[in-house]
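Down below is the structure, laid out as structure tokens.
The values are calculated or read from the model by the stated rules, or taken from the named source; none is laboratory data. Please read these numbers as outputs of a predicted model, since none were measured by experiment. Glycine gets a Cβ as well: all are built from the backbone with ideal geometry, and neighbour counts include every protein chain shown.
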Amino acid sequence: MDWRRFVLNNGNQLSFLIALVAASGSLYLSEILRYEPCKLCWIQRIFMYPLVLLFAVASIKKDYRIYRYALPLTIIGGGFSVYHYLMQKTPLFSEGGTCGPVPCTYDALDWFGFITVPFLALVAFVLIAILQLFLRKAAADE
């Protein structure tokens, strides 16, 4: 099977799965583990949560042009993730102080010294963006 056919058949479903895992993970951290999200976490959620619905509908309708709506959300959300991660991990950005009841520099989750909540969100945004760029290319070649 050629990569174009694979992406056309599975790109939206894989993007849906990634967005669903990211949204479910953020809800698990806040609702089950009771980690209160900071303002930047909320902003990242604002850009991730609609992707679940967009990709669910796109998967059902076999809409290969969903990238038009998804890419801006992933790029902007990923930008906030990068900024948030830099706030947590570099002294240059950590001088910003608190951005609400929970400081944005707080690491609720810190695995191996570099995997944090904004890092995981960034990985999800990047994976979705890559899939959507491949979907865009495959749909254009079709």
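Quick notes on this one:
- Scanning the range 95-113 turns up at least one residue that is in a helix (DSSP H, G or I), at pLDDT below 70 and surrounded by fewer than 17 Cβ atoms within 10 Å (Cβ to Cβ).
- Scan of the range 8-48 for residues that are hydroxyl-bearing (Ser, Thr, Tyr) and either closer than 28 Å to Ala140 by Cβ or buried (at least 16 other Cβ atoms within 10 Å of the Cβ) (or both), ordered by number: Ser15, Ser26, Ser30, Tyr35
- Within the range 14-53, tally of residues that are at pLDDT 90 or above, touching a Phe, Trp or Tyr at 6+ places or on another chain (Cβ under 6 Å) and either more than 20 Å from Ile76 (Cα to Cα) or not small (Gly, Ala, Ser) (or both): 2
- Summed over the range 34-53, residues that are more than 12 Å from the chain's Cα centre (by Cα) and in contact (Cβ under 8 Å) with a residue 40 or more places away in the chain total 6.
- Scanning the range 65-77 for residues that are surrounded by fewer than 22 Cβ atoms within 10 Å (Cβ to Cβ), closer than 22 Å to Asn10 by Cβ and not hydrophobic (A, V, I, L, M, F, W, C) yields Arg65, Arg68, Tyr69.
- Tally, over the range 24-45, of residues that are within 17 Å of Tyr85 (Cβ to Cβ), assigned to a helix (DSSP H, G or I) and not polar (S, T, N, Q): 8
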